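The values are calculated or read from the model by the stated rules, or taken from the named source; none is laboratory data. Because the structure is a prediction, the values reported are computed rather than measured. Cβ: placed from backbone, ideal geometry, glycine included. Neighbour counts: every protein chain shown.
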Amino acid sequence: MPIATTSTTEPRINDRIRARDVRLVDPEGQQLGIRPLPEALALARQLDLDLVEVAPMANPPVCRIMDYGKYKFDAAQRAKESRRKTVSVGIKEMKYRPKIGPGDFETKTRQVMRFLQEGHKVKVTIMFRGREVFHPELGKRILDRVADEVEGSARVESEARLDGRNMVMVLAPDKRARQAAAARSARGDGEDDETAGDDVAAPEAIADNGANGTQAAAGEEGS
């Protein structure tokens with residue numbers, strides 16, 4: 001009966017290496033040439049490190065002296081960071097009614113904004129009931145309000161359209177629109193500061209003009 005073997009993607013290290021000779025690389029990446037396996041293992045042990053077979057298909061195999069435990073830890077951390085930075089972009093849905101109240105509208109629209117800020121697309125659905133379906137303009141009015149609320153952070157990717165008894169619109173995040181809005185806001189703040197500075201200086205100028213006028217009037221009376 002054949003013996004089952006377990007395949008692994010991990011490299012062979014230390015006594016698991018089977019080659020007679022190896023092309024040795026030191027911890028700093030310097031080539032040390034072709035060395036017998038026992039000598040390479042001895043060098044690794046002297047440094048209290050591991051001998052790791054990094055290129056098993058080479059002839060002879062390439063082995064590097066390293067701290068294999070630290071290497072695995074660093075690799076796992078890099079993979080974790082890469083997964084964290086990978087945004088899982090999906091499409092969310094938010095449902096409205098044509099006769100939605102102001103409070104519910106604000107709550108749902110804030111949620112739509114949050115989805116967009118997280119990088120998701122949002123499918124905005126207007127659900128018609130009964131004879132409401134004969135008044136699609138009511139749904140279009142709600143969708144236009146939602147689009148206006150998220151302007152500067154999102155763009156309309158799919159215009160409002162009827163889908164059975166519903167009306168749908170798709171919004172997508174718009175980084176360029178957010179950046180442009182931030183730039184406009186920054187410019188507006190600067191203009192306000194300049195205007196405020198002018199307003200502060202104005203009373204002093206008025207006081208000086210008033211004093212000069214008073215002195216001139218007194219001079220005229222004295223003459």
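Couple of notes before you dig in:
- Residue match in region 183-204 (condition: under 28 Å from the mean Cα position of the chain (by Cα) and either at pLDDT 90 or above or part of a strand (DSSP E or B) (or both)): no
Here is a yes/no grid of residues against (1) touching a Leu at 6+ places or on another chain (Cβ under 7 Å); (2) polar (S, T, N, Q); (3) at pLDDT below 95:
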position	(1), (2), (3)
37	no, no, yes
46	no, yes, yes
58	no, no, yes
71	no, no, yes
74	no, no, yes
87	no, no, yes
95	no, no, no
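- Pairs linking a residue in region 68-97 that is closer than 28 Å to residue 145 by Cα to a residue that is at pLDDT 80 or above and of a type in the set (Gly, Ala, Ser), with Cβ atoms under 6 Å and 6 or more positions apart or on different chains, are 89/119.
Per-residue answers, yes or no, for (1) outside the structural domain of residue 150 (by TED's automatic domain parsing); (2) at negative phi; (3) of a type outside the set (Asp, Glu); (4) touching an Asp or Glu at 6+ places or on another chain (Cβ under 8 Å):
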| site | (1), (2), (3), (4) |
| --- | --- |
| 103 | no, yes, yes, no |
| 115 | no, yes, yes, no |
| 118 | no, yes, no, no |
| 121 | no, yes, yes, yes |
| 125 | no, yes, yes, yes |
| 128 | no, yes, yes, no |
| 135 | no, yes, yes, no |
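- Scanning region 79-105 for residues being loosely packed, with under 10 Cβ neighbours inside 10 Å and under 23 Å from the mean Cα position of the chain (by Cα) gives a total of 7.
- Meets criteria (in contact with a helix residue (DSSP H, G or I) (Cβ under 7 Å, 6 or more places away or on another chain) and over 20 Å from residue 20 (Cα atoms)) for residue 72: no
- Members of region 13-32 found to be part of a loop (DSSP other than H, G, I, E, B) and surrounded by 16 or more Cβ atoms within 10 Å (Cβ to Cβ), listed by number: 17, 19
Let's see how each residue does on (1) among the hydrophobic types (A, V, I, L, M, F, W, C); (2) closer than 10 Å to residue 167 by Cα:
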| residue | (1), (2) |
| --- | --- |
| 124 | yes, yes |
| 128 | yes, yes |
| 136 | no, yes |
| 144 | no, no |
| 151 | no, no |
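- Residue check for residue 45: over 39 Å from the mean Cα position of the chain (by Cα), in a helix (DSSP H, G or I) and outside the structural domain of residue 134 (by TED's automatic domain parsing): yes
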